[in-house]
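First the structure, in the form of structure tokens, and then the observations on it.
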Amino acid sequence: MNHKDFSYIVVGSGLFGAVIAERIASQLQQKVLVIEKRDHIGGNCHSAIDEETGIEYHTYGTHIFHTGEEKVWQYINRFSSFNTYRHQVLSCYKNKIYQLPINLETINSYYNLNLKPFEVDAFLEKITKGEKSNPVNFEEKAISSIGRELYEAFVRGYTVKQWQIDPKALPAEIFSRLPVRKNYNENYYFDEWQGIPLNGYTHIFNNLLGHPNISVLLNTDFFSIKDTFDKDVTIIYSGPIDRYFDYKFGTLSWRTLHFERKVFPVKDYQGNAVINYPEEGIPYTRIHEPVHLHPERKYNTDKTVVFEEYSLPDNGANPYYPILTEENIKKLRQYKEYAAGFKNLFICGRLGEYKYYDMDKTISNALNLFETRIKEAKRNQ
Ligand SMILES: Cc1cc2nc3c(=O)[nH]c(=O)nc-3n(C[C@H](O)[C@H](O)[C@H](O)COP(=O)(O)OP(=O)(O)OC[C@H]3O[C@@H](n4cnc5c(N)ncnc54)[C@H](O)[C@@H]3O)c2cc1C
């Protein structure tokens, strides 16, 4: 493969890289080289078949597609149809199952009550009486919203395990994003369009990257071949921004995840795709059971595979969640300002922007980058 044949280099075959490569290949009719350091396409959305059970699982944690953006839904449906899966999350506290996000069932079950929706506000007022009226951190905000007991049971331990940080050190706004429902609605997402790709996520990536103008180079770190490209080639880089500039302004820190695979000789181990384990004494944060993601499939097995999820400090190999401390935000600003001075370079995706994005937002960002900047740059060439 001659690198000089390509006028566009896309670093990373995750959702951002795959969508932007597809747009350039199909709309601009240009040759695109996608460089991926892993041994597979799809980035963190990758799915694979568990060899022992034949069950499809999501390699980097359960991924549910959901969007309220019609443009995104129409775009992605050109590459796959979706099943009718609706996500529900449960929490196992002291060997009893509760619904999440906290709703009327969680409250009634925990307190052994039968409150009606119109009685919830008064009840919450009673259990938060005497707590801070001007909460200044995550813990104070949570306690003043749902009371100390529900906070201790469902929120505190999970937060500590996930972030390894005292919840008092987190900003109050983070809790404001966690909904408390006053009815029995147990749907995790309310978006109009939801589901799991009928043939798995990797199938979508095969379709996105299957355009004849696209070549994919796996097992290749972009930095090991960076110098082989022409200076005027357009680079769309969806790897970590600090790495691109050789950590010039310091390292941006991440949390990473580790999954422990287990197989059980039963068809259904836990009855749900994801169950949270909020107690600090239990080392994992969640258990995933992928068989539930495809209710339309008839898996021919008497076994099920599950994955325990452990949250760890980043070891540099698999960045998952950005840690948005003031220090990291300051470094990110320096990187972004510096990157703006480079012509023909677009740093993007969740790693490039050091930001958590759901899949629909990632697609939307890639489509927007193509429409607003890549097309324009091509016209001006
Ligand atoms: C645990 C978890 C669960 C999630 N669940 C959901 C969910 O249920 N629903 C939802 O909508 N979203 C979910 N997401 C978000 C979703 O994973 C992201 O939106 C999506 O993966 C972002 O795609 P990306 O292309 O930006 O990044 P990535 O998928 O990380 O792709 C970046 C790619 O670049 C490659 N790369 C990096 N550096 C180099 C280099 N130097 N050379 C070559 N290749 C390189 C990487 O190997 C990787 O393949 C979840 C995320 C996590 C972490």
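The values are calculated or read from the model by the stated rules, or taken from the named source; none is laboratory data. Please read these numbers as outputs of a predicted model, since none were measured by experiment. Cβ: placed from backbone, ideal geometry, glycine included. Neighbour counts: every protein chain shown. To get the accessible areas, we keep the full protein, side chains included, count just its heavy atoms, and leave off ligands, DNA and RNA. Shrake-Rupley method; radii C 1.70, N 1.55, O 1.52, S 1.80 Å.
The GluC sites (Glu not before Pro) of region 1-79 that DSSP puts in a loop, and whose beta carbon has at most 11 other beta carbons within 10 Å, are E51, E52.
Let me know the Kirkwood hydrodynamic radius for region 89-176, please, with Cα pairs as the basis and the value in Å to one decimal. When all Cα pairs of region 89-176 are included, the Kirkwood radius is 13.6 Å. Annotation for region 310-381: trypsin sites (Lys or Arg not before Pro) lying in DSSP loop with at most 15 further Cβ atoms inside 10 Å of their Cβ are K343, K355. For S13, the solvent-accessible surface with a 1.4 Å probe is about 0 Å², rounded to the nearest 10.
Atom-type composition of the exposed protein surface of region 257-304 places 49 percent of the accessible area on carbon and sulfur (1.4 angstrom probe). Rolling a 1.4 Å probe across all protein chains gives D39 an accessible area of roughly 110 Å². Annotation: the antiparallel percentage among DSSP beta bridges lying fully within the chain is about 65. Distance from the alpha carbon centroid of region 284-316 to that of region 328-381 works out to 32 angstrom. Please give the net charge around I64, taking every other residue with its beta carbon less than 12 angstrom from that of I64, where Lys and Arg add +1 and Asp and Glu add -1. That sum, taken over residues with Cβ under 12 Å, equals -2.
With r defined as the distance between the Cβ atoms of H203 and I174 and R0 fixed at 30 Å, what FRET efficiency is calculated, to the nearest 0.05? Mind dumping the intermediate values first?
On the way: r = 35 Å, r/R0 = 1.17.
Taking R0 as 30 Å, the efficiency between H203 and I174 is 0.30.
Principal axis extents of the C-alpha atoms in region 175-215 (largest first, rounded to whole Å): 52, 23, 15. Here's the list of lysines a cross-link from K330 could span, going by alpha-carbon distance under 25 Å and ignoring same-chain residues fewer than 8 apart: K168, K248, K343, K355, K361. Run down the lysines and flag those whose C-alpha is under 17 Å from the C-alpha of K37, throwing out any fewer than 8 positions away in its chain. Partners found: K226.
Calculated accessible area for the chain comes out at 49 Å² per residue, all protein chains present (probe 1.4 Å; ligands, DNA, RNA ignored).
Spin-label model, F245 to I225: label points 7 Å out along the Cα-to-beta-carbon direction sit 2.7 nm apart. Carbon-plus-sulfur accessible fraction, region 89-176 (probe radius 1.4 Å, protein heavy atoms only): 51%. Counting only aspartates and glutamates at least 8 places from K336 when in the same chain, those with an alpha carbon closer than 12 Å to its own are D242, E353.
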